[in-house]
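What follows draws every value from the coordinates through simple rules; no lab data is involved. Predicted model only: the values in this text are computed from it and were never measured. Note: ideal-geometry Cβ built from the backbone for every residue, glycine included; neighbour counts use all protein chains shown.
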């Protein structure tokens with residue numbers, strides 16, 4: 001039986017060959033880690049021995065009032081939601097969208113989520129550092145959302161490389177297990193250069209752009225984008241998710257079930273992308289971004305090298 005690192009390496013090669021090229025995951029053979037001991041809620045005794053243990057909260061902080069209001073309201077009307085092709089202009093360095101926090105679907109049928117989070121004392125550089133730093137240990141990933149995050153792995157650990165924080169995660173792939181509402185999602189996120197996709201990213205700004213796929217079923221899920229731009233006293237994050245861009249919201253459940261080979265296997269029906277999942281994703285994003293923003297400046301100044 002291959003060791004844990006070797007299993008992860010094989011999975012990275014398999015997924016990188018497809019996701020890294022920006023292609024759909026359909027037909028990709030997945031042999032994922034099956035050890036359930038590396039995926040668990042909360043923190044272990046070993047985790048609490050980490051030098052950043054003081055940032056390990058028992059629960060995620062409450063969401064901002066704007067997120068709570070959007071969660072309890074109905075979906076945003078489709079006519080107020082831009083299509084995916086308009087994302088570079090929607091996340092321009094200046095301007096405000098018609099709806100900054102909401103969920104629904106575009107006129108073409110794509111699932112859409114938008115979340116706006118103001119963050120006092122936080123900068124774009126801190127978020128670039130975070131995306132480079134947290135991916136190499138699951139305990140770091142759990143800092144972000146202790147109630148929902150279970151596991152994080154990285155295709156290529158570049159943490160010791162003498163390159164920029166952005167270069168450590170752009171062109172790389174993270175593998176995450178997290179709950180979106182009651183449903184376990186096991187995802188591969190391939191981060192790509194926003195400049196290559198037509199985004200304008202001035203100094204003191206950043207855009208984290210990633211293509212999202214399932215690593216337990218032959219399904220390509222969509223895209224995420226987090227724009228961070230400065231405001232007085234800190235920054236604002238404008239998050240966008242576009243899912244089911246190609247009508248993949250009803251996966252072949254038989255093929256999905258065959259593809260699930262790992263420990264905490266998801267129910268293939270959890271891969272159905274609908275407006276209710278969008279609603280839960282809005283809440284999840286609002287929780288994790290607001291929670292991390294509360295201590296990211298202190299974490300950054302203590303551990304950024």
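Annotations for the structure displayed:
- Protection proxy ranking for 95-101, 149-155, using the average of other Cβ atoms within 10 Å per residue and placing the highest first: 149-155, 95-101.
- Mean Cβ neighbour count within 10 Å, used as a protection proxy, ranking 75-84, 39-48 highest first: 75-84, 39-48
- For 235, 73, order by how many other beta-carbon atoms lie within 10 Å, fewest first: 73, 235
- Cα gyration tensor shape for the stretch 60-104, rounded if a/c is under 1.5, else prolate or oblate: oblate
- Set of the stretch 177-198 residues, backbone N closer than 17 Å to the point 7 Å along the Cα-Cβ line of residue 56: none
- Considering only Cα atoms, the convex hull volume of the stretch 32-136 works out to 199 Å³ per residue.
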